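In what follows, a single structure is set out as structure tokens and then discussed.
The values are calculated or read from the model by the stated rules, or taken from the named source; none is laboratory data. Please read these numbers as outputs of a predicted model, since none were measured by experiment. Cβ placement follows ideal geometry from the backbone for every residue including glycine, while neighbour counts extend to all protein chains displayed.
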Amino acid sequence: MTSDAAVRSNARPTHMSDDRGLRFAQSGRLRIAYAVHAPVLARRRPWLVLIQGLGFDRDGWEPVLTGLQRHFRLVRIDNRGSGASDPAAEPFDVAEMARDVVAVLDHAGIAKAHVLGISLGGMIAQQLAAEHPDRVDALVLAATTPGFPLGCPVPAKTAALFAASPFLPLETKRRRHVENALSVGTVRDRPELVEQLIAHVSVRPVRPEATSAQATAGTTFFCRNGLEAISARTLVLHGDADTVVDPRNAEILAGRIPNAELRVLPGLGHLLFWEDPDAFLRAVTSFLIAAQGGARREA
């Protein structure tokens with residue numbers, strides 16, 4: 001068995017081009033799909049790995065993709081069971097999903113990167129940063145939770161929706177989940193965004209069994225190494241109108257992760273980067289650029 005360092009040193013960075021084609025990394029018995037945006041002229045930009053949440057694949061970053069590309073070389077990952085990645089035949093946990101990300105980094109030849117995870121993706125990012133600190137430069141945790149036993153439970157409204165979902169017609173289920181993931185104000189004032197999101201998830205459906213497996217992984221998550229093991233510069237970002245993940249979880253994360261920064265965006269729900277992409281981009285890019293500058297000064 002080769003070491004992580006050996007894998008990284010022998011990996012060939014085949015992505016250094018304008019090619020946005022899909023790639024596949026082997027993680028155990030599963031192929032994990034990912035896409036790279038790394039133009040030749042952007043080769044000096046830092047890497048940023050994007051990890052989505054439940055119900056979305058790599059294309060779920062659509063509203064902020066162009067803005068992020070201006071500052072970073074991007075790696076967008078399909079979580080196991082989502083997009084073009086293989087589904088898992090057996091139950092899995094967040095730690096295994098974090099190892100999927102390591103497999104992608106190894107396959108892409110990336111030794112270290114900034115990491116941005118939202119919701120379930122934020123749980124994966126926590127585990128990745130705690131278990132593999134040498135792979136994570138700076139960390140952004142958006143709309144996520146520290147999990148059991150530290151985190152606040154799923155709000156009652158969302159718990160009731162998940163309980164009712166198996167009995168709802170597909171179109172009704174999609175609409176209710178989309179509306180629940182946005183703030184009440186956004187649903188009221190921006191019906192066009194609701195329809196845009198419904199159309200987005202309709203053409204990029206996640207397999208029901210994969211959704212169930214990912215949801216189980218999320219609800220049973222706890223950071224095995226402890227949040228105190230996260231040494232990366234960390235931004236915790238949350239909308240104060242989130243009814244999917246209790247916003248109080250952001251305070252818990254920021255309080256437990258050493259030297260973490262907390263940023264709360266008023267009036268935004270769980271899909272804050274769809275509701276206000278500009279505010280999301282300002283928060284993320286300003287933090288990561290500052291973190292990159294700090295890393296250079298310490299080197």
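Take the conditions (1) touching a Lys or Arg at 6+ places or on another chain (Cβ under 7 Å); (2) of a type in the set (Asp, Glu); (3) under 23 Å from Asn79 (Cα atoms); Glu228 misses just one of them, which is (3). Of the residues making up the stretch 77-97, not a single one is basic (Lys, Arg), under 17 Å from Ala138 (Cα atoms) and at pLDDT 95 or above.
Out of Ala210, Ala291, Ala254, one residue alone is of a type in the set (Gly, Ala, Ser), surrounded by 16 or more Cβ atoms within 10 Å (Cβ to Cβ) and within 25 Å of Ala33 (Cα to Cα). It is Ala210. The one condition from (1) within 24 Å of Glu62 (Cβ to Cβ); (2) loosely packed, with under 15 Cβ neighbours inside 10 Å; (3) at pLDDT 95 or above; (4) not β-branched (Val, Ile, Thr) that Arg263 does not meet is (2).
Of the helices (runs of 4 or more DSSP H) contained entirely in the stretch 119-199, those carrying at least 3 residues that are surrounded by 20 or more Cβ atoms within 10 Å (Cβ to Cβ) and of a type in the set (Gly, Ala, Ser) fall at 120-131.
Figure legend. Inter-residue proximity from the stretch 185-204: first residues more than 21 Å from Asp242 (Cβ to Cβ), second residues part of a helix (DSSP H, G or I), beta-carbon distance below 7 Å, spacing 6+ or different chains. Indicated pairs: Ser202/Arg174; Arg204/Asp59.
For the stretch 159-207, filtered to residues that are hydroxyl-bearing (Ser, Thr, Tyr) and within 21 Å of Asp57 (Cβ to Cβ), the residue that is farthest from the chain's Cα centre (by Cα) is Ser165. The set of residues from the stretch 40-58 being of a type outside the set (Gly, Ala, Ser) and in contact with a strand residue (DSSP E or B) (Cβ under 8 Å, 6 or more places away or on another chain) comprises Arg43, Arg45, Pro46, Trp47, Leu48, Val49, Leu50, Ile51, Gln52, Arg58. Of Ala217, Ala279, Ala229, all but one fail to be farther than 18 Å from Trp61 by Cβ and buried (at least 17 other Cβ atoms within 10 Å of the Cβ); the exception is Ala217. Across the stretch 239-251, not a single residue is classified as more than 25 Å from His114 (Cα to Cα), within 18 Å of the chain's Cα centre (by Cα), assigned to a helix (DSSP H, G or I) and touching a residue at least 60 places away in the same chain (Cβ under 8 Å). In the stretch 84-91 there is at least one residue matching the filter, namely being touching a Gly at 6+ places or on another chain (Cβ under 9 Å) and either farther than 24 Å from Leu237 by Cα or part of a loop (DSSP other than H, G, I, E, B) (or both). Selection of the stretch 221-238 for residues being of a type in the set (S, T, N, Q) and either assigned to a loop (DSSP other than H, G, I, E, B) or more than 18 Å from Ile51 (Cα to Cα) (or both) yields Asn225, Ser231. For Gly218, the test of being modelled with pLDDT of 95 or more, closer than 17 Å to His270 by Cα and in a helix (DSSP H, G or I) is passed. Among the residues of the stretch 108-133, write down those that are over 16 Å from the mean Cα position of the chain (by Cα) and within 20 Å of Arg44 (Cα to Cα). If the condition is that a residue be over 16 Å from the mean Cα position of the chain (by Cα) and within 20 Å of Arg44 (Cα to Cα), then Ala108, Gly109, Ile110, Ala111, Lys112 are the ones that fit.
Just to be sure I understand, how many residues within the stretch 43-53 are buried (at least 21 other Cβ atoms within 10 Å of the Cβ) and either part of a loop (DSSP other than H, G, I, E, B) or of a type in the set (Lys, Arg) (or both)?
2
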